[in-house]
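Colleague: Submitted below is the structure of interest, expressed as structure tokens.
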Amino acid sequence: MASNCEVEPGAAPESALVTTDSYENFQQMSSSLEEIKNSNFTSSTQDEFLDNCNNIDSDLHVNCSTVSVSSQDEDYIRDEEWLGKSKHIFVLSSAGKPIYSRYGNEDRFASYFGIMQALVSFVQADDDSIRSMHAGDTKFVFLFREPLILVAVSKTEECTSQLTAQLNYVFNQIASMLTLSRLVKIYEQRRNYDLRRLLTGVERLIDHLLDFSEQEPAFTLGAVQCLPLTSSVRDAISSAIVQSCSKIKNLVFGILLANNQLITLVRMKKYCIHPHDLHLIFNLVQASESLKTAEIWTPLCLPRFDASGFLYGHVSYLAEDCQACLLLLTVERDAFFSLSEAKQRIVERLRRGNCLEAINESLNTKEETCVDIGFPELRHYLYKCKSTAQFHQPSMGAPYTINCKRLLDLYRRAHYRLHCPTRPLKLLFERTSEDALLAWDTRGFELYAILEPLTDTGNAIATVGRLLNWIKKREDKLFQLNAPTF
Amino acid sequence: MENVLSGKVVILGDQGVGKTSLILRYLEKEFDRHISPTIGASYFSCSVAIKNVIVKLQVWDTAGQERFKAMTPMFYRNANIAFLAFDITRPETFQNIQNWVTELNGNIHTHVIMIIIGNKSDLSNDRKVPREEAIRYSNGIGATYYECSSLKNLGVDRIFESAAIKLLKHLDPYFNNYIDCENSIDAPSCSLSATDVGNVVVLGRSKDNIAHGTTVSNKCC
């Protein structure tokens, strides 16, 4: 089995994506918009935002299973449907003002928000920070990211760190609409500000993000999936973008995506995009039907890239007959028309090179299941190449076509076992009456394979070895192996 | 021989008054009840034929949400026509027209043709803004008032035609020069540069604005 470690399908010396361990809270940002505009300028780090990542872990264990709440919110306490939700997400300001609730109108349970704020500030008074509370099978997970408090109340199987990661996504979604600097400044000026005024329409994006992150293994893995294309087609698409934009200054990223899969990513020299930022972009594109009708010009902050400022994005679908979405991100706020012309040139080039057909063909081809590709004992797998932060999965086969939630739960649990901060595993094999799971973490990749429940260890290892070779043979189709620059 | 003339239109107004529905009704002849809120601003171009003149309109459909307010000046800069839309069933959206007008007048120093649009005229049973009040206000600020329904497609085309005619009349003094220019070889680039906003870059200022996202945000924080 050791020899297979060397296979590392999809590995590449250069990556357009920041390679990541998805549990980190807030990685220090390497890039700065100022720097791009002003290449001699060295950026200062923003320690104040990063401080609270280093908090001491303090998990409070609470024995009581009910929390008593004042009577004015009784309508929600008695609302069976509201109580029955498996995961609530709340966002409030550090002064306790409601900002967002996943279910129900946040105004109607203001006192819950009061309690959350009180808990956070009570622990904070001792220079500590509350991470989570556990009551029976319910977890209360807290994330304090100045100036907001985010809380998850969950009865799902997800562990605390996975819930914290989800809260981080919600925070970053808010920051991507306003920038972190503006968010901080707003509350410096008025501690009691009602942020909902500035976030109208964003609750839709947060709702979508939460559903999306619960259904997509990409979020658990901290990676993105590529649309399968032969490498010559992908290279032709990349060079069409590079050539059409050659005269445009300060263009930072060109991203082409379709159906939640990356087609290509072209970047400015020296700069990479973080998979978490890319997930926010995927979420924005997927949640906004209105992008299909026109060319859009919008400010967009990529919090992992530079939380202090906006990039400006020209967003449009390639053509009526090709539903791939192109984003051209620049630091110039007046570049709409030059980017709009560049987009026309890109589409012309792609059309001449028959790339639009190739994209459509790939979009219309149903991905193969494991059985189709000759692995009858394998039900499903996730393969993540660490050096490029890309992953691949086959199409969902039986029995998970009906119960895909179970599959995602299995993956989440296995991912946690491999990344558990206290005792991370390198190799995991588990068998239940329903399925067998093999998870393997090496220096170059992570592999999660779900097998038939009767598979024994030897067979599982042999299958996984064959699978790695199978992926290796197709790596140039399944992954973007180069990182083209403008 | 037809003459071509172009102008820039910006559509302003509170969120949910139907700015995007209006332009989609005009261009696509469609109405979608479940349209998602506009992000940033959408760009459309359309042509209106007035007798023997084709008026090409570059339309910026802006997002109504407050957080995008900082970026609206770049859309109404150099605009020839402003559509100020409100919802006849929501009086606060009509009140806010005043703020949009103040902002326009404070930031644009050239003449702008203002057209005030009371949208959702099909909901006349829920009307909260009397037509007379809207007309009186519009006349007071030198604007024209129209009512329309994007849902029922009532009065939408008329607004764009009237905008085109007003633009023609406004540009009349230069019209002869324009025809000369249009007949020469350089015509397309010439007509473009007259309205192209992409060329105006105040570098020193815009750098700051990008990095900190604060342009005219002092009002809303």
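The values are calculated or read from the model by the stated rules, or taken from the named source; none is laboratory data. Note that the structure is predicted; figures quoted are calculated from it, not measured. Reconstructed Cβ throughout: ideal geometry from the backbone, glycine too, with neighbour counts over all protein chains shown. Note: accessible area is taken over every heavy atom of the protein model, side chains too, but ligands, DNA and RNA are not part of it. Shrake-Rupley method; radii C 1.70, N 1.55, O 1.52, S 1.80 Å.
Colleague: Would the range A:161-169 turn up any residue that is more than 14 Å from chain B (Cβ to nearest Cβ), outside any helix (DSSP H, G or I) and small (Gly, Ala, Ser)?
Modeller: Taking every residue of the range A:161-169 in turn, none turns out to be more than 14 Å from chain B (Cβ to nearest Cβ), outside any helix (DSSP H, G or I) and small (Gly, Ala, Ser).
Colleague: Run A:Val464 past the list (1) open to solvent by less than 10 Å² (accessible area, probe 1.4 Å); (2) closer than 20 Å to A:Glu158 by Cα and report the number of the one that doesn't hold.
Modeller: Exception for A:Val464: condition (2).
Colleague: Just one of the numbered conditions (1) out of contact with any Pro (no Cβ under 8 Å at 6 or more places or on another chain); (2) within 25 Å of B:Glu133 (Cα to Cα) is not true of B:Gly64; which one?
Modeller: So the condition that B:Gly64 fails would be (1).
Colleague: Give the residue, chosen from A:Phe90, A:Phe113, that is under 28 Å from A:Cys301 (Cβ atoms) and in a helix (DSSP H, G or I).
Modeller: Answer to the selection: A:Phe113.
Colleague: Being surrounded by fewer than 23 Cβ atoms within 10 Å (Cβ to Cβ) and hydroxyl-bearing (Ser, Thr, Tyr) is the filter here; which residues of the range B:77-125 pass it?
Modeller: Answer for the range B:77-125, where residues must be surrounded by fewer than 23 Cβ atoms within 10 Å (Cβ to Cβ) and hydroxyl-bearing (Ser, Thr, Tyr): B:Thr89, B:Thr102, B:Thr110, B:Ser121, B:Ser124.
Colleague: Now for a separate question. Mind checking which residues of the range B:11-43 are open to solvent by less than 10 Å² (accessible area, probe 1.4 Å) and either of a type in the set (A, V, I, L, M, F, W, C) or within 8 Å of chain A (Cβ to nearest Cβ) (or both)?
Modeller: B:Ile11, B:Leu12, B:Val17, B:Leu22, B:Ile23, B:Gly40, B:Ala41, B:Ser42
Colleague: What about A:Phe253, is it part of a helix (DSSP H, G or I) and either more than 14 Å from chain B (Cβ to nearest Cβ) or crowded, with 23+ Cβ neighbours inside 10 Å (or both)?
Modeller: Criteria not met by A:Phe253.
Colleague: Here is a follow-up. Are any residues in the range A:170-215 open to solvent by less than 10 Å² (accessible area, probe 1.4 Å), within 30 Å of A:Lys405 (Cα to Cα) and not aliphatic (A, V, I, L, M), and if so, which ones?
Modeller: Matches in the range A:170-215: A:Phe171, A:Asn172, A:Gln173, A:Ser176.
Colleague: With the structure loaded, tell me whether A:Thr365 is touching a Ser or Thr at 6+ places or on another chain (Cβ under 6 Å) and of a type in the set (Val, Ile, Thr) or whether it fails that test.
Modeller: Spelling it out, it is not the case that A:Thr365 is touching a Ser or Thr at 6+ places or on another chain (Cβ under 6 Å) and of a type in the set (Val, Ile, Thr).
Colleague: What's the number of the condition B:Gln95 fails, among (1) more than 12 Å from chain A (Cβ to nearest Cβ); (2) in contact with a strand residue (DSSP E or B) (Cβ under 9 Å, 6 or more places away or on another chain); (3) over 23 Å from B:Ser162 (Cα atoms); (4) assigned to a loop (DSSP other than H, G, I, E, B)?
Modeller: For B:Gln95, the exception is condition (4).
Colleague: Separate question: Just to verify a result, which residue in the range A:367-397, among those that are aromatic (Phe, Trp, Tyr) and within 16 Å of A:Asp476 (Cα to Cα), is surrounded by the fewest Cβ atoms within 10 Å (Cβ to Cβ)?
Modeller: Once the filter is applied, the top-ranked residue is A:Tyr383.
Colleague: Return yes when B:Ile159 is of a type in the set (Val, Ile, Thr) and either surrounded by fewer than 15 Cβ atoms within 10 Å (Cβ to Cβ) or assigned to a helix (DSSP H, G or I) (or both) and no when it is not.
Modeller: When the stated conditions are applied, B:Ile159 passes them.
Colleague: If you take just the helices (runs of 4 or more DSSP H) that sit entirely in the range A:270-374, which of them hold at least 1 residues that are within 9 Å of another protein chain (Cβ to nearest Cβ) and within 28 Å of B:Phe44 (Cα to Cα)?
Modeller: In the range A:270-374, the matching helices (runs of 4 or more DSSP H) lie at A:275-287, A:336-352.
Colleague: Against the definition (more than 20 Å from A:Leu229 (Cα to Cα) and under 20 Å from the mean Cα position of the chain (by Cα)), how does A:His279 come out, yes or no?
Modeller: Considered against the rule, which asks whether it is more than 20 Å from A:Leu229 (Cα to Cα) and under 20 Å from the mean Cα position of the chain (by Cα), A:His279 comes out as yes.
Colleague: Please go through the range A:221-266 and pick out each residue that is more than 18 Å from A:Val347 (Cα to Cα), among the β-branched types (Val, Ile, Thr) and more than 18 Å from the chain's Cα centre (by Cα).
Modeller: If the condition is that a residue be more than 18 Å from A:Val347 (Cα to Cα), among the β-branched types (Val, Ile, Thr) and more than 18 Å from the chain's Cα centre (by Cα), then A:Thr230, A:Val252 are the ones that fit.
Colleague: Whether any residue in the range A:213-230 is within 22 Å of A:Gln173 (Cα to Cα), within 14 Å of chain B (Cβ to nearest Cβ), touching a residue at least 60 places away in the same chain (Cβ under 8 Å) and acidic (Asp, Glu) is what I want to check.
Modeller: no
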